[in-house]
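The numbers here are math on the coordinates, done by the rules we state, and not lab data. All values reported here derive from a predicted model rather than from experimental measurement. Reconstructed Cβ throughout: ideal geometry from the backbone, glycine too, with neighbour counts over all protein chains shown.
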Amino acid sequence: MRWLLAVCGVGATITSPQIVLNLRKMGFTVRVILSPNACKFVSPEALEVISGCKVFHSTFDRGDGVVVPHIELAEECDIVVVFPASASMVARLAYGLADELVSATVLHTHRPVVVVPALNATALNKPVVERNLLQLERDGYHVLRPVKGKSVRITDLRDVGVSIASLESVVALVRRLGGKASQKSLSKLGQK
Ligand SMILES: Cc1cc2nc3c(=O)[nH]c(=O)nc-3n(C[C@H](O)[C@H](O)[C@H](O)COP(=O)(O)O)c2cc1C
């Protein structure tokens, strides 16, 4: 299964190389795209080495035979997973903005989209954030919220705890959605 892993700029982003490595060990093909702010937390070059593919971080990037990344990469995958998603990316997606590569790709894909927000407790409890997450769900995106006991708590130097769903729960959801997609294509062929 081909993942398009869309990484945003949050504290949890520093774990992205290890996540890509783990996904590849599980047998997934992983192509990574970055929001411009993600590049402040992790280098595209490191992710290129680990994913084995060029990492795009601008809608105007080209290379690897890709000319318009937000259109081509949006289709050359089986699923788009925004992981980790920042509060600002959640807002961008809820409003249908396409002002950088991640939001533009999500807006242009026909594939299922999973959004995995990384939020601290204050942001998570803000009505505007909840409103945006609900809007994403209404729009057909699969939102994986941090759930007590099933999420990873990242503590920075100022002891600000940020929660995000675990990689295991993201993989479990992706596998479920992948299964549904293949069921759909089988039924299209008139098979069970
Ligand atoms: C050290 C640090 C950690 C951050 N962690 C988070 C976070 O966990 N969640 C979040 O929504 N924003 C976090 N931010 C704020 C985002 O970096 C900021 O909103 C940024 O504009 C997000 O960019 P993007 O959505 O375009 O990738 C953090 C910022 C810094 C400097």
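Quick look at the values:
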{"quantity": "Length added when fully stretched, H108-V128, from 0.36 nm per residue minus Cα-Cα", "calculated": "4.7 nm"}
{"quantity": "Among beta bridges that DSSP assigns inside the range 2-188, antiparallel share in %, nearest 5", "calculated": "30 percent"}
{"quantity": "Share antiparallel - DSSP beta bridges, the range 1-76, percent rounded to 5", "calculated": "10 percent"}
{"quantity": "Virtual spin-label span in nm between I14 and E75, 7 Å along Cα→Cβ", "calculated": "4.0 nm"}
{"quantity": "Extension gain from C53 to V67, taking 0.36 nm per residue of separation minus the Cα-Cα distance", "calculated": "3.6 nm"}
{"quantity": "Ranking of C39, C77, C8 by count of other Cβ atoms within 10 Å, fewest first", "calculated": "C39, C77, C8"}
{"quantity": "Alpha-carbon centroid distance for the pair the range 25-74 / the range 75-136, whole angstrom", "calculated": "17 Å"}
{"quantity": "Per-residue ³J(HN,Hα) for the range 169-175, Karplus 6.51 cos²θ - 1.76 cosθ + 1.60, θ = phi - 60°, Hz, x for Gly and Pro", "calculated": "6, 5, 4, 4, 5, 4, 4"}
{"quantity": "Using θ = phi - 60° and Karplus 6.51 cos²θ - 1.76 cosθ + 1.60, couplings along the range 23-38 (whole Hz; Gly, Pro as x)", "calculated": "5, 5, 5, 6, x, 7, 8, 10, 10, 10, 10, 10, 6, x, 6, 4"}
{"quantity": "Lysine-lysine proximity count for the chain, Cα under 19 Å, sequence distance 8 or more or distinct chains", "calculated": "6"}
{"quantity": "Spacing of the two label points (7 Å from each Cα toward its C-beta) at K180 and M26, in nm", "calculated": "1.7 nm"}
{"quantity": "Loop-located chymotrypsin sites (Phe, Trp or Tyr not before Pro) in the range 44-109 whose Cβ has at most 14 other Cβ within 10 Å (DSSP)", "calculated": "F60, Y95"}
{"quantity": "Residue among K180, K40, K54 with the largest mean-square fluctuation in a Gaussian network model of the chain, springs linking Cα atoms under 10 Å", "calculated": "K180"}
